[in-house]
Amino acid sequence: MRENIYEKLGGIFRDVFNDESIIISDSTSSKDIAGWDSLEHANLIASIEREFGIEFDFDEINKLKNIGEMVNIITNKLGKKD
């Protein structure tokens, strides 16, 4: 499941940041991607929620430190939908 999530997230990141060279990993954070500011963060979260059919709550969004944590939350939310 994580591999599929990473594949989809990679596409979302490349689309939102308009950069085909973006490759994400567990440790990728906002410091690693040019243009990842608060506005693009909001666009990114909205795109992820749409793609996966989930909703992040405010605390989850504020606690995110890297992509690995994001994938863990998405995995957990998708597991609860089954």
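The values are calculated or read from the model by the stated rules, or taken from the named source; none is laboratory data. Bear in mind the structure is a predicted one, so any value in this text is a computation, not a measurement. Cβ sites come from the backbone with ideal geometry, for glycine too, and all protein chains shown count toward neighbours. The area values use the complete protein model at the heavy-atom level, side chains included, leaving out ligands, DNA and RNA. Shrake-Rupley method; radii C 1.70, N 1.55, O 1.52, S 1.80 Å.
The alpha-carbon positions of segment 1-71 define a convex hull whose volume is 85 Å³ per residue. The long axis of helix 38-52 is offset from the longest Cα principal axis of the chain by roughly 40 degrees.
With R₀ set to 25 Å, the beta-carbon distance separating residue 31 from residue 1 gives a calculated FRET efficiency near 0.40. Loop-located trypsin sites (Lys or Arg not before Pro) across segment 23-81 with a Cβ neighbour count of 15 or fewer within 10 Å are 65, with loop assigned by DSSP.
When you filter the GluC sites (Glu not before Pro) in the chain for DSSP loop state and at most 13 other Cβ atoms inside 10 Å of their Cβ, you are left with 20, 55.
Applying 1/(1 + (r/R0)^6) with R0 = 22 Å to the Cβ-Cβ distance of residue 43 and residue 19 gives a FRET efficiency near 0.95.
Pairs of Lys residues in the chain, spaced 8 or more positions apart or belonging to different chains, with C-alpha separations under 16 angstrom: 4 in total. At a probe radius of 1.4 angstrom, the accessible area of the chain per residue rounds to 64 square angstrom.
Dipole magnitude for the chain: about 200 debye, using +1 per Lys or Arg Cβ and -1 per Asp or Glu Cβ, origin at the Cα centre. Spacing of the modelled spin labels on residue 54 and residue 76, each 7 Å from Cα toward Cβ, amounts to 0.9 nm.
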